[in-house]
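Take a look at the structure set out below.
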Amino acid sequence: MNMKERSPFCPGSPVPVELFVGRENKIEDIMNYINNTIQGKQENIFLIGSRGIGKSSLASFLRYYVSSEMNMVGIHVFLGRVFNLEEMVRHIFEKFLKETKGQTWFNNIKSFFGKYIKQLGLFGVSLTFAPPSEDLKELVRKFPEVLNNLLMEIKKEKKGLFIALDDINSLAGKSEFADWYKSFVDEVATHYDNFPVFIMLIGIPEKRDVLSELQPSLMRIFRPVEIDRLSDEEVEQFIIKAFESVDIEVSPEGKDIMVRYSSGLPLLMHEIGDAVFWIDTDGIIDVYDAMAGVFNAAENVGEKYLDPKVYRAIRSDRYISILRKLGEDHIPQNFKKKDMEVRLTENEKRVFHNFLRRMRELGVIETTSKRGSYRFVNEIYPVYIFLESGSSKKK
């Protein structure tokens, strides 16, 4: 038996551009704004979506496209562990240097940043940008001016600059970030007639709301682009494309199971696809492979994405049968108590009130404005329950 070398799926990471599918309408909207940028107008986009919905994959695809097809410098910066403006700016310029390394005009860019570029690794194949604290503060204050100087350096070769600032959830809760960004946009608008810079912030909806509260006028600056679940057709297209890339055939029945339990969420497409890939032994994904993959994916999702207290409570013997009935269908974000009670046994009904109270205490659900109605706080909770229900059928 040949040992498998790699899985085409990448749970927790942006999908490779060659496997990217869907989002055509959103891409078309964003490309209109990028075309405005190429004409000299600075554009600001806020890409919004729940966790695991595919925001980073879309940003990665856009960066690739503008770099290869539109002759822009494209950078995709991850800021998940960045908590201040100085580190954010350092990451932006370090990524810019890495993306432009190897270009004929890189030496001009390198000299522009001075002695704070360090070559690392064997033969200096990687680099870091590490100026002292005071210089970083100056870069924060003069960010528009520095970007404009970089644009002057690259304008003969490139049409503009694309910057995706991913996972800004930590920064978005800080008033200094909100005030700084508003100041940056105002200075560009009042001092620069031609500023071909496209900036896309990427985060969850709640963080955009926080930014709005910290700096209400900031929301007039951003063009919001919200992405939702993929359609079943798009999920099917991705699954077939991914398995074809490693010469594995997917039966119609196996495909249908993976599409159903992926629920349109890229996070689950990759968790399920990856689990199925490693389970398969004959190069053909059948019903058994698909359901076994759902079972393994449910375990992985619970362990990786749920709070340990929530994970233990959801899997407790006392509540597991209730949760499995709740997950028998594609469950929505909201559910009604009375609709659930008719599906429960007498024993389950006796603990149902305690179940609802415990789920509220753990932050899994919350009440809505409608009496007897509840909503899941995080989209991953109902999805996990649905997955776990499917895995119990497999057992």
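Determine, yes or no, whether Leu211 is surrounded by 22 or more Cβ atoms within 10 Å (Cβ to Cβ) and touching a residue at least 12 places away in the same chain (Cβ under 8 Å). Step through it out loud before you land on a result.
Values: surrounded by 22 or more Cβ atoms within 10 Å (Cβ to Cβ): yes; touching a residue at least 12 places away in the same chain (Cβ under 8 Å): yes.
Yes; evaluated as a whole, the condition is true for this residue.
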Completion exercise
Out of (1) free of Cβ contacts under 8 Å to residues at least 24 places away in the same chain; (2) part of a helix (DSSP H, G or I), the one Ser316 does not meet is (2)
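Residues Asp167, Asp186: which one is within 18 Å of Ile221 (Cβ to Cβ) and in the same structural domain as Tyr33 (by TED's automatic domain parsing)?
Details: Asp167 fails: within 18 Å of Ile221 (Cβ to Cβ).
Answer to the check: Asp186.
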Practice task
Check whether at least one residue in the range 97-108 is among the basic types (Lys, Arg), surrounded by 13 or more Cβ atoms within 10 Å (Cβ to Cβ) and under 20 Å from Lys155 (Cβ atoms), and report yes or no.
Solution key: yes
Problem - Which listed residue, of Gly74, Gly12, Gly40, Gly54, is surrounded by fewer than 19 Cβ atoms within 10 Å (Cβ to Cβ) and either in the same structural domain as Leu211 (by TED's automatic domain parsing) or in contact with a strand residue (DSSP E or B) (Cβ under 6 Å, 6 or more places away or on another chain) (or both) - result: Gly40
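Every residue in the range 143-158 that is out of contact with any strand residue (DSSP E or B) (no Cβ under 8 Å at 6 or more places or on another chain) and of a type in the set (D, E, K, R), please.
Glu145, Glu153, Lys155, Lys156, Glu157
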Problem - Selection count, the range 62-71, where residues are surrounded by 22 or more Cβ atoms within 10 Å (Cβ to Cβ) and either closer than 22 Å to His270 by Cα or not assigned by TED's automatic domain parsing to the domain that holds Leu201 (or both) - result: 2
Completion exercise
Inside the range 11-44, the number of residues satisfying the requirement of being more than 26 Å from Glu233 (Cβ to Cβ) and touching a residue at least 12 places away in the same chain (Cβ under 8 Å) is 10
Practice task
Spot the failing condition for Glu213; the list is (1) in contact with a helix residue (DSSP H, G or I) (Cβ under 7 Å, 6 or more places away or on another chain); (2) in a helix (DSSP H, G or I); (3) of a type outside the set (Gly, Ala, Ser), and only one is missed.
Solution key: (1)
Exercise for the section: Hey, could you check the range 275-306 for residues that are surrounded by 13 or more Cβ atoms within 10 Å (Cβ to Cβ) and among the acidic types (Asp, Glu) and say which is farthest from Gly254 (Cα to Cα)? Expected result: Glu299
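Filtering the range 302-327 down to residues that are of a type in the set (A, V, I, L, M) and over 26 Å from the mean Cα position of the chain (by Cα), which residue is nearest to Glu348 (Cα to Cα)?
That would be Ile322.
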Problem - Count of residues meeting criterion [in a helix (DSSP H, G or I) and either touching a Lys or Arg at 6+ places or on another chain (Cβ under 6 Å) or among the polar types (S, T, N, Q) (or both)] in the range 252-279 - result: 1
Completion exercise
Condition set acidic (Asp, Glu) and within 20 Å of Met72 (Cβ to Cβ), scope the range 19-37, selection surrounded by the most Cβ atoms within 10 Å (Cβ to Cβ): answer is Asp29
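The values are calculated or read from the model by the stated rules, or taken from the named source; none is laboratory data. Worth saying up front: this structure is predicted, and the values here are computed from it rather than measured. For neighbour counting, all protein chains shown are included, and Cβ atoms are generated from backbone atoms with ideal geometry for every residue, glycine included.
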